[in-house]
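Participant: My structure is below; once you've seen it, I'll send some questions.
The values are calculated or read from the model by the stated rules, or taken from the named source; none is laboratory data. Just so you know, these numbers come straight off a predicted model, no measurement behind them. Positions of Cβ are generated from backbone atoms using ideal geometry, with glycine treated the same way; all protein chains shown enter the neighbour counts.
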Amino acid sequence: MFPLDQLAIGQKAIIESIETDFLPLKLIEMGCLPGNEISLLHLAPFRDPLYLKIDEAHLAIRKDVARYIMVKPLMDD
Amino acid sequence: MIKNINVALIGNPNTGKTSVFNALTGLNQKVGNYPGITVEKKQGSCRLDRITKARILDLPGTYSLNASSMDESVVVELLLNKNDPDFPDVAVVVTDVENLKRNLLLFTQIKDLEIPTVLVINMSDQMQRKGIKIDIEKLEEKLITSVVLVSTRQNSGVEKLKQILIDYRSISTLPILDPTTIDQDYFENLGKAFPNQSLYKLWLVITQDVNFTKLERQKVPDSTQFKTQSQSYLKKLQQRETIKRYQSINQILKETYRVNREEATDLRSKLDNLLIHKFWGYVIFFMILLIIFQAIFDWSSVPMDFIDSSFARMSEWIKTQMPAGILTDLIAEGVVSGLGGIVIFIPQIAFLFLFISILEETGYMSRVVFLMDRGLRKFGLSGKSVVPLISGTACAIPAVMATRNIENWKERLITILVVPFTTCSARLPVYMILISLVIPNDRLLGINYQGLTLMGLYLIGFLMAIVSASILNRLLKSPNKSYFVVEMPNYKLPLLKNVAITVWEKTRSFVVEAGKIILAISILLWFMASFGPGEKFSNAEQIITQQYSNEALNDLELENKIASFKLENSYIGILGKTIEPIILPLGYDWKIGIALISSFAAREVFVGTLATIYSVERDAEETIKTRMAGETRSDGSRLFNLPTGISLMLFYAFAMQCMSTLAIVKKETNSWKWPGIQLFSMTIIAYLSALMAYQILK
């Protein structure tokens, strides 16, 4: 388990836990909840912002927020 | 007897809500502002049948009822205030067929407010391509409402929606979520404290950290005790509410919604790989900017020249057709040229919004934000600020209007405030004449000094914009906490109707709203330049004719002398002389002072005004230059020398010398406060840098 900003491009993971106090509610409402699947689609230069697919939503967030999302990578099948 | 009903369109951004609005109302719409704030208010009307007319309100896009921005709080405020004249009889929640799950979160919240709520599933034309199947009947049963599949692209479903709206009274108002399942103790206590009130509405009022401007607080007298719960606890409850809602939505969709991913074709990843590529992404964006720049700088110049000459001809024509007198002058020189000064901006505004609405409609704009965010956030600017800042190099008016697309108020305000620093095309004539006067036309290592100076002026404008943005970023407090969570929508072909309506609406609102301010100021400036107190002004012709009676002047020369004398003794001339002590340390005389004041109408007027003062023909550029080069100070030295020239260029680079920009900033920020601050601080910056330049170089 590690913070989301360390995920590799194209890697899929499951959201393990989130630090509610530091995450915008909007992100949670867009599906950033423990148990949902997350994948990193693209990175802007300097690995910031991050372009993600969370559950069914496609969205971009900044690195400083991504640190508060802990994920567990899924094995490639 | 026609029956009016209020309909509110609500939905997440990027669900095509505005397309539905356009499909319902066509051009029967008007865009205004909510009183006191700068959120756009879009209203329209639609005849549902012979006896029913719907007043349709297109509410700002929102992801949920937990507002985190001014736009979103408008939605919550309206839906909680039954006394608001816009309070909907029926709410229409517009969703996107591909993001139904996330969109339904908002739907269930609206439904729980016990307002009749219709669900529109938009972009149904995508269903087959994306392999989506929906059991509509079952969905209606589970969501306890009517569901309509709509495709604005294929124009289907809109008639059915109208039928449902006519019969809105038959829609159930039963809520979906029982708030006590979120936290039993908390909500039971709340229920005891405020019996007979909807728990969900109470909860909404308690948790919003936005300021309710319209909502009467008395309705929930002592909600404070429930607010004193720690913020973090309330947020946990909000999170639990979200989880609960998703649980029931997932359950409902499991029985009604099927996606066959095999059938889906993925346009998104193919385009993304190119458009946000670390290298090619920026190249493509740069190319797009280049085309936009080309359009507003170059293509616009054709219609603009035409508008310019047409208004000049109209002005001449009026002078020949009407009896000579003050009224004719007012119409020909005040009103007609004032109107010309408004209409001239239309080509640039229309071109810029043509491009911007296409970029927004296709979903590309979100990619721009993604690419540019990191570079611009340090300065308090948004990724979307790039387009206004670049268009500002053509003209600040359309650029300021283009900031509408920046969602975050603080980022938008900073962009508006710094855009006028970029070198707009109206500064060019001023720079050109000054450069040719004071900068030698020599080369150093093959580089022309004059060209170098012009480039320096462009750079200094950008630099000043960036520097002031970072200062403003420190100074300004944001009214709401805002986070960077940007949805990356699917790529779509732009809908022609939406693009056309945007271009039309932007142009219309500029002409109507900013236009009246521009017209008023230009009439005022005309008045000040055409009238003056005292004998000297009224007897100008006599005085000059006598003075030059010994010299053999032809009619034209005499006319120019009279015009110059009149301007000197007009109100503007007197004002120019009054400010002379203030501008003397910058290296200017009262004649330049007059030109500074009258160029408030538009910067390029500077050159024309000087021509009048020096009593030379306005159109003879070489003559003006020669005359300016020959102009001397009292000690016999050249007036337009290097120090004065540089000082003037810096003044024009930084000063807010443009009434039209002020008018549009007033319109866009919905108050005189920001244009006031802008005028004041930019003038100070301009004055100080011109002062420094002159005193150092002198």
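Participant: Being among the hydrophobic types (A, V, I, L, M, F, W, C), in a helix (DSSP H, G or I), touching a Leu at 6+ places or on another chain (Cβ under 8 Å) and crowded, with 16+ Cβ neighbours inside 10 Å is the filter here, so list the residues in region B:247-287 that pass it. Walk me through it before giving the result.
Facilitator: Start the filter on region B:247-287 by keeping residues that are among the hydrophobic types (A, V, I, L, M, F, W, C), which leaves B:249, B:252-253, B:259, B:264, B:267, B:271, B:274-276, B:279-280, B:283-287.
After this cut, where a residue has to be in a helix (DSSP H, G or I) as well, the list is B:249, B:252-253, B:267, B:271, B:274-275, B:280, B:283-287.
With touching a Leu at 6+ places or on another chain (Cβ under 8 Å) added as a condition, the list becomes B:249, B:252-253, B:280, B:284-285.
If the condition is that a residue be among the hydrophobic types (A, V, I, L, M, F, W, C), in a helix (DSSP H, G or I), touching a Leu at 6+ places or on another chain (Cβ under 8 Å) and crowded, with 16+ Cβ neighbours inside 10 Å, then B:I249, B:I252, B:L253, B:I284, B:F285 are the ones that fit.
Participant: Where in region B:555-664 are the helices (runs of 4 or more DSSP H), entirely inside, with at least 3 residues that are touching a residue at least 12 places away in the same chain (Cβ under 8 Å) and crowded, with 21+ Cβ neighbours inside 10 Å? Lay out the reasoning, then the answer.
Facilitator: Numbers: elements: B:555-569, B:571-578, B:580-583, B:590-598, B:605-613, B:621-630, B:642-654.
Answer list for region B:555-664: B:555-569, B:571-578, B:590-598, B:605-613, B:642-654.
Participant: Just one of the numbered conditions (1) without any contact (Cβ under 8 Å) to a residue 24 or more places away in the chain; (2) in a helix (DSSP H, G or I); (3) within 14 Å of chain A (Cβ to nearest Cβ) is not true of B:D298; which one?
Facilitator: The failed condition is (3).
Participant: Can you name the condition, by its number, that A:M1 falls short on among (1) more than 12 Å from every other protein chain (Cβ to nearest Cβ); (2) at pLDDT 90 or above?
Facilitator: Every condition holds for A:M1 apart from (2).
Participant: Could you check region B:83-174 for helices (runs of 4 or more DSSP H) lying wholly inside it with 1 or more residues that are modelled with pLDDT under 95 and more than 22 Å from B:A54 (Cβ to Cβ)?
Facilitator: Working: elements: B:100-111, B:127-130, B:136-143, B:158-166.
Ranges flagged: B:100-111, B:127-130, B:136-143.
Participant: Is there any pair with a first residue in region B:102-117 that is at negative phi and of a type in the set (S, T, N, Q) and a second that is in a helix (DSSP H, G or I) and crowded, with 21+ Cβ neighbours inside 10 Å whose Cβ atoms are under 6 Å apart and which are 6 or more apart or on different chains, and what are they?
Facilitator: Going by the 6 Å Cβ cut-off, the qualifying pairs are B:T108/B:R245; B:T117/B:I110; B:T117/B:K111.
Participant: Follow-up. Working only within region B:364-380, note down all residues that are more than 10 Å from chain A (Cβ to nearest Cβ) and either in a loop (DSSP other than H, G, I, E, B) or touching a residue at least 40 places away in the same chain (Cβ under 8 Å) (or both). Give the derivation first.
Facilitator: Within region B:364-380, the first condition is being more than 10 Å from chain A (Cβ to nearest Cβ), and the residues that meet it are B:364-365, B:368, B:376, B:378-380.
B:Y364, B:M365, B:V368, B:K378, B:F379, B:G380, listed by residue number.
Participant: Kindly establish whether B:S269 is within 14 Å of chain A (Cβ to nearest Cβ) and either of a type in the set (D, E) or on the phi < 0 side of the Ramachandran plot (or both). Explain how you work it out, then say what you get.
Facilitator: Numbers: within 14 Å of chain A (Cβ to nearest Cβ): yes; either of a type in the set (D, E) or on the phi < 0 side of the Ramachandran plot (or both): yes.
Yes; evaluated as a whole, the condition is true for this residue.
Participant: Looking at (1) surrounded by fewer than 21 Cβ atoms within 10 Å (Cβ to Cβ); (2) in contact with a helix residue (DSSP H, G or I) (Cβ under 9 Å, 6 or more places away or on another chain), which is the one condition that is false for B:S64?
Facilitator: Of the numbered conditions (1) surrounded by fewer than 21 Cβ atoms within 10 Å (Cβ to Cβ); (2) in contact with a helix residue (DSSP H, G or I) (Cβ under 9 Å, 6 or more places away or on another chain), the odd one out for B:S64 is (1).
Participant: Looking only at residues in region B:381-400 that are in a loop (DSSP other than H, G, I, E, B) and closer than 23 Å to B:G281 by Cα, which one is nearest to the chain's Cα centre (by Cα)?
Facilitator: So the first thing to find is which residues in region B:381-400 are in a loop (DSSP other than H, G, I, E, B), and the list is B:381-382, B:392-395.
After this cut, where a residue has to be closer than 23 Å to B:G281 by Cα as well, the list is B:381-382, B:392-393.
Working: B:L381: 15, B:S382: 14, B:G392: 12, B:T393: 16 Å.
Filtering first and then ranking leaves B:G392.
Participant: Moving on to the next point. Enumerate the strands (runs of 3 or more DSSP E) found wholly within region A:31-77, keeping only those where 2 or more residues are within 11 Å of the chain's Cα centre (by Cα) and more than 7 Å from chain B (Cβ to nearest Cβ).
Facilitator: Values: elements: A:37-43, A:50-54, A:57-61, A:69-73.
Ranges flagged: A:37-43, A:50-54, A:69-73.
Participant: Let me ask you something else. Only one of (1) surrounded by fewer than 22 Cβ atoms within 10 Å (Cβ to Cβ); (2) out of contact with any Leu (no Cβ under 8 Å at 6 or more places or on another chain) fails for B:T117. Which number is that?
Facilitator: (1)
Participant: Take A:I28 and decide whether it is under 15 Å from A:I9 (Cα atoms) and at the interface with chain B (Cβ under 7 Å from one of its Cβ atoms). Give the steps one after another, and end with the answer.
Facilitator: On the way: under 15 Å from A:I9 (Cα atoms): no; at the interface with chain B (Cβ under 7 Å from one of its Cβ atoms): yes.
Against the criterion (under 15 Å from A:I9 (Cα atoms) and at the interface with chain B (Cβ under 7 Å from one of its Cβ atoms)), A:I28 does not qualify.
Participant: Does B:G36 satisfy being outside any loop (DSSP other than H, G, I, E, B), in the same structural domain as B:Y63 (by TED's automatic domain parsing), modelled with pLDDT under 85 and more than 19 Å from B:A91 (Cα to Cα)? Steps first, please.
Facilitator: Details: outside any loop (DSSP other than H, G, I, E, B): no; in the same structural domain as B:Y63 (by TED's automatic domain parsing): yes; modelled with pLDDT under 85: yes; more than 19 Å from B:A91 (Cα to Cα): yes.
Taking the combined requirement at face value, the residue does not satisfy it.
Participant: I've got another one for you. Please go through region B:314-337 and pick out each residue that is modelled with pLDDT of 90 or more and either of a type in the set (F, W, Y) or within 17 Å of B:M528 (Cβ to Cβ) (or both).
Facilitator: B:W317
Participant: Separate question: Does B:T145 qualify as being closer than 17 Å to B:I5 by Cβ and away from chain A (no Cβ under 14 Å)? Lay out the reasoning, then the answer.
Facilitator: On the way: closer than 17 Å to B:I5 by Cβ: yes; away from chain A (no Cβ under 14 Å): yes.
Here the answer is yes, as B:T145 does meet what is asked.
Participant: Turning to a different aspect of this structure: Looking at (1) farther than 27 Å from B:S538 by Cα; (2) modelled with pLDDT under 85, which is the one condition that is false for B:I582?
Facilitator: Unmet condition: (2).
Participant: Could you tell me whether region B:409-425 includes any residue that is within 14 Å of chain A (Cβ to nearest Cβ) and polar (S, T, N, Q)?
Facilitator: No, the conditions are met nowhere in region B:409-425.
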